[in-house]
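Below is one structure; the comments refer to it alone.
The values are calculated or read from the model by the stated rules, or taken from the named source; none is laboratory data. Remember, it's a predicted structure, so these values are computed and weren't measured experimentally. We place every Cβ from the backbone using ideal geometry, glycine too, and count neighbours over all the protein chains shown. In case anyone asks, the SASA skips ligands and DNA or RNA and just uses the protein heavy atoms, side chains included. Shrake-Rupley method; radii C 1.70, N 1.55, O 1.52, S 1.80 Å.
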Amino acid sequence: MKIDNSSALFERAKAVLPSGYTRQMVVTKPHPLYVSHGEGCWITDVDGNRLIDWVNNFSAQIHGHAKAEIVEAITEQASSVQSTTMPSEWEVKLAELLVERIPSVDKVRFMNSGTEANIIAVKAARAYTGKSKIAKMEGGYHGQYDLLEASYQPMPDAWGNIGEPNSVAYHPGTPQSLLDEVVCLPLNNIDAARAILRSRASEIAAVILDPWRLQVGMVEPQQDFLEMLREETEKLGIILIFDEVWCLRFGYHGYQGATGITPDMTTMGKIIGGGQPIGALGGKDEFMSVFALGEDGVPLIKHSGTFTANPMSLAAGYTAMELMTRDAFDALDSTNDRLREGLEAIRVDCELPGVVQGSGSVSALIMTNIPITDYRTLAFAAASGLLEKLGVFEKALLQQGVMTLRGGFVGSTPMTNDDIDFTLNGYRKAIEAVDKTHPGLLRS
Ligand SMILES: Cc1ncc(COP(=O)(O)O)c(C=O)c1O
């Protein structure tokens, strides 16, 4: 693979960006590949390498790249108004679409990222309940808000008792007073999580979780764990927030539609921006009333922002979401079913450990026999070689023209059966290549 032009750009980047990077999640050695252009599910770097894009900007590009309808909507909007203090019809249209589709959503506020949506959700829950603490899952990711980064990746020497996990700082310098505002829950441990909620209910404003998974390791919250959270939060006067920033891509009614569990508030982002920056908070009227103007004309939460509800993001987002009909979701899922079947066949043929995980448009072959059920088992598997394996394998796949998220797959609507065949063929070749360069690694 030719990388001269990317190498040259990285040399320039190192002079002006810390270590040459702006996003931690894209750090790769020796350096990242720099993008030239994309089309559909394919992306080409500045050296002319053409890769099938199974990352889709961490799930945001559900239609891949340069989707004609989205390009047209953005182009038209850019040649008219890019941002202004005046609201646009797009704002109403995208809000109407979300209210119609997502069960927990009666009203919507827009933001510019998933992180921001979670920040505002926390403020709203605090204002509504008058309580300050937020409960989150150990290992849960909700963006870059330092409060919700607590215990995102705690180490064994700090994480404490599984029955009552410590709230651990993600970054040095995080104030203890902030960590004290976070109550950590052990995912999928129904008895322990219930006991914590019951004993601290008078302090907890909200429970927030991604109902689909914990980190990229795809630890799924079990349905009975989600049901317990719904039941207890309702009884205890705690707001239940589903962070669907990633998992809204699981269906026409979001992930909550698939589980049949309706939270009080939902945070959204990624796919609802059609490739432009966006975030949104939706919820039942009762909870969203904190944003409504009071009799004195002042709301409890004064949420605003220079680029909030900018028409570029909303035009792209509405166009992208309107294209995601029920049929489009079904087609996307069935293409990805084919991928999962192919991965399973390869796993059996090549005698690899592990299981093919995932559903909808997200999949991975997790190459380990260590059962992963929560953050701690995931951390154990990662430290026992899984992380190294995924890193090596991701690079081998890239050499085959397959760009993945640590060997995992996030699909997009332009993908065809030919693209799946290309991917599976590349997967087999990557296994052969790793078997030569790192004998035994994939089977350890
Ligand atoms: C579940 C979840 N919540 C929040 C975020 C943060 O969203 P953003 O990167 O738009 O701030 C992400 C991003 O990956 C996410 O996966």
Task: Length released on extending from Gln222 to Asn166, taking residue separation times 0.36 nm less the Cα-Cα span - done: 18.0 nm
Open item on the list: How large a share of the accessible area of the stretch 308-391, in percent, is made up of carbon and sulfur atoms when the probe is 1.4 Å and the other protein chains stay in place?
Closed with: 54
Task: Prolate/oblate/rounded label for the stretch 308-430 (Cα gyration tensor, a/c 1.5) - done: prolate
Open item on the list: Is the C-alpha gyration tensor of the stretch 68-323 telling us rounded, prolate or oblate? Criteria: a/c under 1.5 is rounded; beyond that, a/b larger than b/c is prolate, otherwise oblate.
Closed with: prolate
Open item on the list: Explain nothing, just the number: relative contact order of the chain, from Cα pairs under 8 Å at least 6 residues apart, as a whole percent.
Closed with: 19
Open item on the list: Taking the square root of 5 times each eigenvalue of the Cα gyration tensor, what semi-axes in Å does the equivalent ellipsoid of the chain have, largest first?
Closed with: 34, 28, 21
Open item on the list: Taking 51 Å as R0, compute the FRET efficiency from the Cβ-Cβ separation of Asp296 and Phe380 and round it to 0.05.
Closed with: 0.40
Task: In nm, spacing of pseudo-spin labels at His37 and Glu89 (7 Å Cα→C-beta vector) - done: 3.1
Open item on the list: Taking just the alpha carbons, could you work out the radius of gyration and Dmax for the stretch 170-282, both in angstroms?
Closed with: 14.9, 43
Open item on the list: Skipping prolines and chain starts, which residues have an amide H placed within reach, meaning under 5 Å, of the one on His438, given they are 5 or more residues away or on another chain?
Closed with: none
- [ ] Taking all protein chains together and a probe of 1.4 Å, list Asp210, Asp330, Asp296 from the most accessible to the least accessible.
- [x] Asp296, Asp330, Asp210
TODO: Report the charge-dipole magnitude of the chain in Debye, nearest 20, computed about the Cα centre from +1 at each Lys and Arg Cβ and -1 at each Asp and Glu Cβ.
DONE: 940
Task: Value of relative contact order over the stretch 231-369, rounded to a whole percent, pairs C-alpha under 8 Å and six or more apart - done: 18
Open item on the list: Run the numbers for Leu17 and Glu344: contour at 0.36 nm per residue of separation, minus the present Cα-Cα distance, in nm.
Closed with: 113.6 nm
TODO: Provide the gained length on full extension for the span Asp180 to Val71, in nm with one decimal, where the gain is 0.36 nm per separating residue minus the Cα-Cα distance.
DONE: 34.7 nm
Open item on the list: Need one value: the accessible area of Cys184 in square angstrom, 1.4 angstrom probe, rounded to the nearest 10.
Closed with: 0
TODO: Please tell me the relative contact order of the stretch 68-323 in percent, rounded to the nearest whole number, where contacts are Cα pairs under 8 Å and at least six residues apart.
DONE: 29
- [ ] Bin all alpha-carbon pair distances of the stretch 386-444 at 5 Å intervals from 0 and give each bin's fraction as a whole percent.
- [x] 4, 19, 30, 24, 13, 7, 3, 0
Open item on the list: Show me, for the stretch 149-165, the HN-Hα J-couplings you get by feeding each phi into the Karplus relation (A = 6.51, B = -1.76, C = 1.60, θ = phi - 60°), rounded to Hz, glycine and proline as x.
Closed with: 7, 4, 6, 5, 9, x, 8, x, 6, 10, 6, x, 5, 4, x, 8, x
Task: Amide H contacts of Ile239 (H built 1.01 Å from N, under 5 Å, at least 5 apart or other chain) - done: Ala206, Val207
Task: Beta bridges by DSSP in the chain, antiparallel share as percent, to the nearest 5 - done: 60
Open item on the list: Rounded, prolate or oblate for the stretch 48-196? Axes are the square roots of the Cα gyration tensor eigenvalues, ordered a ≥ b ≥ c, and the cut-off for rounded is a/c under 1.5.
Closed with: prolate
TODO: Skip the ligands, DNA and RNA, and give the accessible area per residue of the stretch 94-166 with a 1.4 Å probe, whole Å².
DONE: 38
Task: Calculated [θ] (222 nm, deg cm²/dmol) that DSSP helices of n ≥ 4 give over the chain, each run adding -39,500 (n - 2.57) - done: -12000 deg cm²/dmol
Open item on the list: As a test of reading the structure, rank His37, His303 by solvent-accessible area (1.4 Å probe, protein chains only), most first.
Closed with: His37, His303
